[in-house]
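Asker: My questions all concern the structure below.
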Amino acid sequence: PPLRPPGGDPTPLLEAYFHPYAEAMTAAVEARIAATGRAVIIDVHSYPTAPLPYELHGTDPRPPVCLGTDPFHTPPGLLAAAETAFGGCAGADGIGRDTPFAGTYVPLQHYGTDRRVTALMIEIRRDTYMSEPGGPAGPGLDALAGALAGL
């Protein structure tokens, strides 16, 4: 069943979920900058093997690990570290960049203006660590957890 009706007013959902999240992320980034002079955002998601109807680029390649980047906020060193960390988890299909999802989350207050904020999105294809569509964890889970911890 749909989570919300088509054409419905998104305002209540934005007020209940997105705005508090965005405010909390901005506060967390500000706290890290105050404490260390910089903030590194690692935005982790998963996605199914088969595209979902909402996906804008459902026909794009679906690698085991997708690294979403931003030309301003993703420095080469952060991207290289993630590629190294996840290289053993991606198998023969390898790691994708910005496919099937692109970009990364940066609070609007810092987006495109503050180089102290670096960011990378990590999208993990679900069949690499679990039985789809919501089954038990598989053998890839430990390797992925180790890659995240290593990063």
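Asker: Report yes if some residue within the range 44-64 is under 28 Å from Pro20 (Cβ atoms), outside any loop (DSSP other than H, G, I, E, B) and out of contact with any strand residue (DSSP E or B) (no Cβ under 9 Å at 6 or more places or on another chain); otherwise report no.
Answerer: Taking the range 44-64 and keeping what is under 28 Å from Pro20 (Cβ atoms), we get 44-48, 52-56.
Within this subset, residues satisfying the condition of being outside any loop (DSSP other than H, G, I, E, B) are 44-47.
Narrowing the set further to residues that are out of contact with any strand residue (DSSP E or B) (no Cβ under 9 Å at 6 or more places or on another chain) leaves none.
Checked against the condition, which is being under 28 Å from Pro20 (Cβ atoms), outside any loop (DSSP other than H, G, I, E, B) and out of contact with any strand residue (DSSP E or B) (no Cβ under 9 Å at 6 or more places or on another chain), the range 44-64 yields no hits at all.
Asker: Based on what the data block shows, is Ala82 surrounded by fewer than 14 Cβ atoms within 10 Å (Cβ to Cβ) and in contact with a strand residue (DSSP E or B) (Cβ under 6 Å, 6 or more places away or on another chain)? Before the answer, list the steps.
Answerer: On the way: surrounded by fewer than 14 Cβ atoms within 10 Å (Cβ to Cβ): no; in contact with a strand residue (DSSP E or B) (Cβ under 6 Å, 6 or more places away or on another chain): yes.
Taking the combined requirement at face value, the residue does not satisfy it.
Asker: Name the residues in the range 88-133 that are under 18 Å from the mean Cα position of the chain (by Cα), open to solvent by 60 Å² or more (accessible area, probe 1.4 Å) and not small (Gly, Ala, Ser), would you?
Answerer: Arg97, Leu108, Tyr111, Arg126, Asp127
Asker: Continuing with this model, one more query. Sort out which residues of the range 81-133 are in a strand (DSSP E or B), of a type in the set (A, V, I, L, M, F, W, C) and in contact (Cβ under 8 Å) with a residue 12 or more places away in the chain, and write them in order of number.
Answerer: Looking only at the range 81-133, we keep the residues that are in a strand (DSSP E or B), and these are 95-97, 117-125, 130.
Right, trim to of a type in the set (A, V, I, L, M, F, W, C) and you get 95, 117, 119-122, 124, 130.
The answer is Ile95, Val117, Ala119, Leu120, Met121, Ile122, Ile124.
Asker: Does the range 3-21 hold any residues that are outside any loop (DSSP other than H, G, I, E, B) and open to solvent by less than 100 Å² (accessible area, probe 1.4 Å), and which are they? It would help to see each step written out before you state the result.
Answerer: If we filter the range 3-21 for residues that are outside any loop (DSSP other than H, G, I, E, B), which is where we start, we get 11-21.
Across the range 3-21, the qualifying residues are Thr11, Pro12, Leu13, Leu14, Ala16, Phe18, His19, Pro20.
Asker: Still on this model: So the check is Cβ under 7 Å with 6+ separation or different chains; which pairs have a first residue in the range 53-66 that's without any contact (Cβ under 8 Å) to a residue 40 or more places away in the chain and on the phi < 0 side of the Ramachandran plot and a second one that's among the polar types (S, T, N, Q) and surrounded by 12 or more Cβ atoms within 10 Å (Cβ to Cβ)?
Answerer: Pro61/Thr99
Asker: Could you tell me which residue of the range 134-149 is most open to solvent (accessible area, probe 1.4 Å), considering only residues that are over 14 Å from Gly87 (Cβ atoms) and part of a helix (DSSP H, G or I)? First the steps, then the outcome.
Answerer: Initial filter on the range 134-149 (over 14 Å from Gly87 (Cβ atoms)): 134-139, 141-142, 145, 149.
After this cut, where a residue has to be part of a helix (DSSP H, G or I) as well, the list is 141-142, 145, 149.
Working: Leu141: 74, Asp142: 124, Ala145: 55, Ala149: 86 Å².
Per the criteria, the residue is Asp142.
Asker: What number of residues within the range 26-78 are surrounded by fewer than 12 Cβ atoms within 10 Å (Cβ to Cβ) and within 11 Å of Thr118 (Cβ to Cβ)?
Answerer: Number satisfying all stated conditions: 2.
The values are calculated or read from the model by the stated rules, or taken from the named source; none is laboratory data. Bear in mind that the values here come from a model prediction, so they are computed numbers and not experimental data. Cβ: placed from backbone, ideal geometry, glycine included. Neighbour counts: every protein chain shown. Heavy atoms of the whole protein, side chains included, go into the accessibility calculation; ligands, DNA and RNA do not. Shrake-Rupley method; radii C 1.70, N 1.55, O 1.52, S 1.80 Å.
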